[in-house]
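First comes the structure, then the notes that go with it.
The values are calculated or read from the model by the stated rules, or taken from the named source; none is laboratory data. Keep in mind that what you see is a predicted model, and the values were worked out from it rather than measured. Here the Cβ positions follow ideal geometry from the backbone for every residue, glycine too, while neighbour counts run over all protein chains shown. Note: areas computed on protein heavy atoms with side chains; ligands, DNA, RNA excluded. Shrake-Rupley method; radii C 1.70, N 1.55, O 1.52, S 1.80 Å.
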Amino acid sequence: MESSEEICRIVDRWLVAARDGDADTFIGKIAEHAGVLVIGSDAEEWWHREDDAVWRRQLEESGGFPFSWDEIEAWEEGTVGWAGANLSIAGPEEAAFPFRVTWVLHLELGEWKIVQMHFSAGRSNLELLGQELTVSLEQLEQTIRRERPDLTGTLAADGTVTIVFTDIVDSTVLTTRLGDRAWLDALRRHNEVIRDTAAAHGGTVVETQGDGSMLAFSSARRAVACAQAIQGEIDSAFAEASPPIRVRIGIHTGDALHEADHFYGTSVHYAARVASSAVGGEVLVSNLVRELVVGSDVEFRESREVELKGLEGSQRLFAVALG
C-alpha cells in the first residue's frame, strides 16, 4: 500500500469539473460498470451508474457545485485506489458548510476510474444549497415531461429536419477566469439569446445542457439565418466581455427519429460533429445544407475537408459568411 499522487490529481480534476459544471468530465471519470455506487449528501441520493442522467441534470440545475478543498489524501494497492478530502460548499446567503467525501477507484486499461464515492453532510439540498435538486430518475422524468417542447412544427413536408448545435468555446477556462457568479450570469444571458433568436426564426430549442443547445427547424434557410443572427446577438450581448465569449455553431439536415420531445439518429450525430469542427464565432454547415440554401442570400467564406468522429471518410463543410 502506498500514497498516490496520480489519484490525487484525478480526484482534483473531478472536483474541478463538479465545481465548474463540466458534466462530460464529471461523468467521464466514473467507471461504466453497473456496480458503481454513489451516495450523496441528501437522504434520497443513492445512485448507481445507470443514474448518470440525474448527475448531469443536477449540474445543469446548480450550475456547478461551489466546492472548495485543500489537501486530498489518496492511496493505491494494485488495481484498487481510494481517496478522501475535507470540503466546504458555499450555501445560501454565502454560508459555508463543511463535509467529507471519499472515493474508491479501480485501474481500468491503465486509467483510474471512480467506482464508489460517498458525500457525508447530513443536510438536505434545500438546506445545503438553498434549492431543491433532482435526486431520482422518477423526478427527472416528471421534470422533462413538464419542460417538453412542442416539436410538431420542426419537420419539413418531406419529413426531414434541420438540426443546429451551439456551444460556448472554452467554457471551463471562462468559468475559472470569470468566477462562478459572473459565469452563471453570462450563461443565463447566452441561453436567453439562443432561446429568443430561435423563436424569432421559427425554430425550437430541443435541449440545453450546460453551455450547449440543440435547435430544430423545418427549413434549412431559417436555420442558417438563425445561426447568423445568434452570432450577431452574442457579439452584441458580450461586446464588453473579457475574456470574450465566443460560440461555435454546426448545422445539418436529414432524416431523424422523432420521439416525444427529442430527435435521434445519424443526422443528429452528424450535426453535433459539424459543430465540434467549428471554431469560435463560426457557423459551419454540411454540404447538404449548403445545397439547400443555394439561391438565397447566404454566402460562404470557405470550405474544408474534415473527418467527423464516428463517420467514415472525409466530409466537406462550409463556413457561412457573417455580417
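Summary table below
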read-out	value
In the range 297-323, the residues that are exposed (fewer than 11 other Cβ atoms within 10 Å of the Cβ) and touching a residue at least 60 places away in the same chain (Cβ under 8 Å)	Gly323
Condition met for His269 (under 26 Å from Gly310 (Cβ atoms), open to solvent by 40 Å² or more (accessible area, probe 1.4 Å), touching a Leu at 6+ places or on another chain (Cβ under 9 Å) and not acidic (Asp, Glu))	yes
Lone unmet requirement of (1) open to solvent by less than 40 Å² (accessible area, probe 1.4 Å); (2) within 21 Å of the chain's Cα centre (by Cα); (3) touching a residue at least 60 places away in the same chain (Cβ under 8 Å) for Val289	(2)
Among the candidates Val306, Val298, Val294, residue that is more than 27 Å from the chain's Cα centre (by Cα) and modelled with pLDDT under 90	Val294
Tally of residues being under 21 Å from Thr197 (Cβ atoms) and open to solvent by 60 Å² or more (accessible area, probe 1.4 Å) across the range 166-186	1
Qualifying position, being at pLDDT 95 or above and either under 19 Å from Val161 (Cβ atoms) or part of a helix (DSSP H, G or I) (or both), among Leu284, Leu288, Leu311	Leu284
Residues being closer than 29 Å to Glu5 by Cα, open to solvent by 20 Å² or more (accessible area, probe 1.4 Å) and in contact with a Ser or Thr (Cβ under 6 Å, 6 or more places away or on another chain) - total across the range 23-74	1
Matching residues in the range 34-55 - criterion: being among the aliphatic types (A, V, I, L, M) and in contact with a Leu (Cβ under 7 Å, 6 or more places away or on another chain)	Ala53, Val54
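Listed here are the residues, each with its yes/no results for (1) of a type outside the set (Val, Ile, Thr); (2) open to solvent by 20 Å² or more (accessible area, probe 1.4 Å); (3) modelled with pLDDT of 95 or more; (4) assigned to a helix (DSSP H, G or I).
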position	(1), (2), (3), (4)
Leu155	yes, yes, no, no
Met214	yes, no, no, no
Ala225	yes, yes, yes, yes
Ala241	yes, yes, no, no
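Results for (1) in a helix (DSSP H, G or I); (2) out of contact with any Gly (no Cβ under 9 Å at 6 or more places or on another chain); (3) at pLDDT 95 or above; (4) of a type in the set (Lys, Arg), shown as yes or no for each residue.
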{"residue": "Val173", "(1), (2), (3), (4)": "yes, yes, no, no"}
{"residue": "Arg177", "(1), (2), (3), (4)": "yes, yes, no, yes"}
{"residue": "Ala186", "(1), (2), (3), (4)": "yes, yes, no, no"}
{"residue": "Val193", "(1), (2), (3), (4)": "yes, yes, yes, no"}
{"residue": "Asp196", "(1), (2), (3), (4)": "yes, yes, yes, no"}
{"residue": "Ala199", "(1), (2), (3), (4)": "yes, yes, no, no"}
{"residue": "Gly202", "(1), (2), (3), (4)": "no, no, no, no"}
{"residue": "Glu207", "(1), (2), (3), (4)": "no, yes, no, no"}
